[in-house]
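Asker: Structure below; questions to follow.
The values are calculated or read from the model by the stated rules, or taken from the named source; none is laboratory data. The structure presented is a predicted model; accordingly, all values stated were derived computationally and were not measured. Please note: Cβ atoms are built from the backbone with ideal geometry, for glycine as well, and neighbour counts cover all protein chains shown. For the accessible areas, the whole protein counts, side chains as well, though only heavy atoms, and no ligand, DNA or RNA atoms are used. Shrake-Rupley method; radii C 1.70, N 1.55, O 1.52, S 1.80 Å.
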Amino acid sequence: MRKAKLYKVTLPDGSACHGGSGKWYLPKGKKPGKWMPAVKNPACCRRGYHLVTAEQLLGWLDKEGLCVWEAEARGAVDAEEDKSAHEQARLIRKVGDWLRRGTR
């Protein structure tokens, strides 16, 4: 079975935008960002690196000016209906910037 692609939504500088804190290591050119430090026992809404699938993504695009990144994860995972928390993750490439419909 193929793994679903994973995505992360951040502010343009890689900072958290849906609670939490911290800043992700951004990709440079074609090189992915560095792996984020391991977080043992990930648990949604409490600890770990939160990622979403394409099907879950739209629910997290609630503000203008957000960045969407393709991401990958490794290690332990805790999943819920709208997200998953991972022991380790990194950003692979920028997918795009989110602008509200009707803005230019």
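Asker: Name the residues in segment 61-82 that are over 18 Å from residue 11 (Cα atoms) and outside any strand (DSSP E or B), would you?
Answerer: The answer is 80, 81, 82.
Asker: Continuing with this model, one more query. Please find, among 32, 27, the residue that is open to solvent by less than 30 Å² (accessible area, probe 1.4 Å), more than 11 Å from the chain's Cα centre (by Cα) and farther than 16 Å from residue 78 by Cβ.
Answerer: Numbers: 32 fails: open to solvent by less than 30 Å² (accessible area, probe 1.4 Å).
Being open to solvent by less than 30 Å² (accessible area, probe 1.4 Å), more than 11 Å from the chain's Cα centre (by Cα) and farther than 16 Å from residue 78 by Cβ holds for just one of 32, 27, which is 27.
Asker: Restricting attention to segment 36-60, report how many residues are open to solvent by less than 60 Å² (accessible area, probe 1.4 Å), closer than 14 Å to residue 86 by Cα, outside any strand (DSSP E or B) and of a type outside the set (Gly, Ala, Ser).
Answerer: Residues that pass the stated criteria total 5.
Asker: I'd like to know if segment 68-87 contains one or more residues that are hydroxyl-bearing (Ser, Thr, Tyr), modelled with pLDDT of 90 or more, open to solvent by less than 60 Å² (accessible area, probe 1.4 Å) and out of contact with any His (no Cβ under 6 Å at 6 or more places or on another chain). Write out each step before concluding.
Answerer: So in segment 68-87, the residues hydroxyl-bearing (Ser, Thr, Tyr) come out as 84.
Still in the running and modelled with pLDDT of 90 or more: 84.
Now narrow it down to the ones that are open to solvent by less than 60 Å² (accessible area, probe 1.4 Å): 84.
Cutting the leftovers down to out of contact with any His (no Cβ under 6 Å at 6 or more places or on another chain) gives us 84.
There is at least one residue in segment 68-87 that is hydroxyl-bearing (Ser, Thr, Tyr), modelled with pLDDT of 90 or more, open to solvent by less than 60 Å² (accessible area, probe 1.4 Å) and out of contact with any His (no Cβ under 6 Å at 6 or more places or on another chain).
Asker: Sticking with this structure for a sec: Considering only residues that are at pLDDT 95 or above and open to solvent by less than 60 Å² (accessible area, probe 1.4 Å), which ones fall in segment 88-104?
Answerer: The answer is 88, 89, 90, 91, 92.
Asker: Please state which of the following conditions residue 10 fails to meet, knowing it meets all the rest: (1) on the phi < 0 side of the Ramachandran plot; (2) open to solvent by 60 Å² or more (accessible area, probe 1.4 Å); (3) of a type in the set (S, T, N, Q).
Answerer: That leaves (2) as the condition not met.
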